[in-house]
1. When the residues of region 112-127 are filtered to those that are within 14 Å of ligand 2 (Cβ to nearest atom) and under 16 Å from ASP86 (Cβ atoms), which remaining residue is most open to solvent (accessible area, probe 1.4 Å)?
2. Please list, ordered by first then second residue, the pairs with beta carbon atoms under 7 Å, 6 or more apart or interchain, first in region 123-137 and near ligand 1 (Cβ under 9 Å from one of its atoms), second assigned to a loop (DSSP other than H, G, I, E, B) and among the β-branched types (Val, Ile, Thr).
3. Which residues, counting only those in region 21-33, are surrounded by 17 or more Cβ atoms within 10 Å (Cβ to Cβ) and over 10 Å from ALA99 (Cα atoms)?
4. Check GLU97 against each of (1) surrounded by fewer than 17 Cβ atoms within 10 Å (Cβ to Cβ); (2) touching a strand residue (DSSP E or B) at 6+ places or on another chain (Cβ under 8 Å); (3) modelled with pLDDT of 95 or more and name the one condition it does not meet.
5. Considering region 91-111 alone, what residues qualify as being within 16 Å of ligand 2 (Cβ to nearest atom) and either of a type in the set (A, V, I, L, M) or in contact with a helix residue (DSSP H, G or I) (Cβ under 8 Å, 6 or more places away or on another chain) (or both)?
6. Could you tell me which residue of region 79-91 is farthest from GLN56 (Cα to Cα), considering only residues that are touching a Lys or Arg at 6+ places or on another chain (Cβ under 9 Å) and either open to solvent by 90 Å² or more (accessible area, probe 1.4 Å) or of a type in the set (Val, Ile, Thr) (or both)?
7. If you go through region 102-121 one residue at a time, how many are part of a loop (DSSP other than H, G, I, E, B) and within 29 Å of TRP28 (Cβ to Cβ)?
8. Applying the selection to region 7-50, what residues are free of Cβ contacts under 8 Å to residues at least 24 places away in the same chain, polar (S, T, N, Q) and not in a helix (DSSP H, G or I)?
Amino acid sequence: AARAQSAAAAGYQPESEFYKVEAILRPWRVPYVSSGLLQMGIRGVTVSDVRGFGAQGGSTERHEGSEFAEDTFIDKVKMEIVVSKDQVEAVVDKIIEKARTGEIGDGKIFLIPVSDVIRIRTGERGERAERMAGGLADKLSSAMPIS
Ligand code: ATP
Ligand code: GLN
């Protein structure tokens, strides 16, 4: 199975408290990915319709005898998820689990350090702004035995 290789022991470079997980996905896999993320407690996700080319080149999403054209971009969806450092690998693994078909064109994931998070409504910054009610961190802490 294609699990994400674990991050180097030294951690991500450059070191940051938060990372943006940016995934380029096949549009039709997006509902699987978003429901998988929601189930695990990821509540903040941004998606955009984008177009691009990679190894899949300019061939269309359905390979129905279409001609290869280098200057044709393929429709993709970009999903952006900002999470605390300790949640990055779980998010990456979930995206792979839900997005992967094994065929060329499954997409790519980029990890981007984020300097700060600011909640506009409250002006909160950092961890207070990144945490979401009922989110993954809440789920994990409520599952912990009371000490
Ligand atoms: P509030 O409590 O004020 O509603 P919030 O943190 O829940 O703040 P929203 O205002 O609901 O944030 O979020 C607005 C938009 O910001 C969302 O629709 C989503 O596109 C994006 N967003 C929020 N959090 C994240 C995140 N952690 N990663 C990626 N996108 C996010
Ligand atoms: N890390 C946040 C939390 O655990 C969730 C972030 C997100 O949903 N993108 O509450």
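The values are calculated or read from the model by the stated rules, or taken from the named source; none is laboratory data. Quantities reported herein were computed from a predicted structural model and do not represent experimental measurements. Reconstructed Cβ throughout: ideal geometry from the backbone, glycine too, with neighbour counts over all protein chains shown. In case anyone asks, the SASA skips ligands and DNA or RNA and just uses the protein heavy atoms, side chains included. Shrake-Rupley method; radii C 1.70, N 1.55, O 1.52, S 1.80 Å.
1. The residue in question is GLU127.
2. ALA129/VAL117; GLU130/VAL117
3. Across region 21-33, the qualifying residue is only VAL21.
4. Tallying (1) surrounded by fewer than 17 Cβ atoms within 10 Å (Cβ to Cβ); (2) touching a strand residue (DSSP E or B) at 6+ places or on another chain (Cβ under 8 Å); (3) modelled with pLDDT of 95 or more, GLU97 fails exactly one: (2).
5. VAL91, VAL92, LYS94, ILE95, LYS98, ILE109, LEU111
6. Ranking the candidates gives VAL83 first.
7. In the first step, residues of region 102-121 are kept if they are part of a loop (DSSP other than H, G, I, E, B); the result is 102-107, 115-117, 119-121.
If we keep only those that are within 29 Å of TRP28 (Cβ to Cβ) too, we end up with 102-107.
Summing the residues that are part of a loop (DSSP other than H, G, I, E, B) and within 29 Å of TRP28 (Cβ to Cβ) in region 102-121 gives 6.
8. The answer is GLN13, and nothing else.
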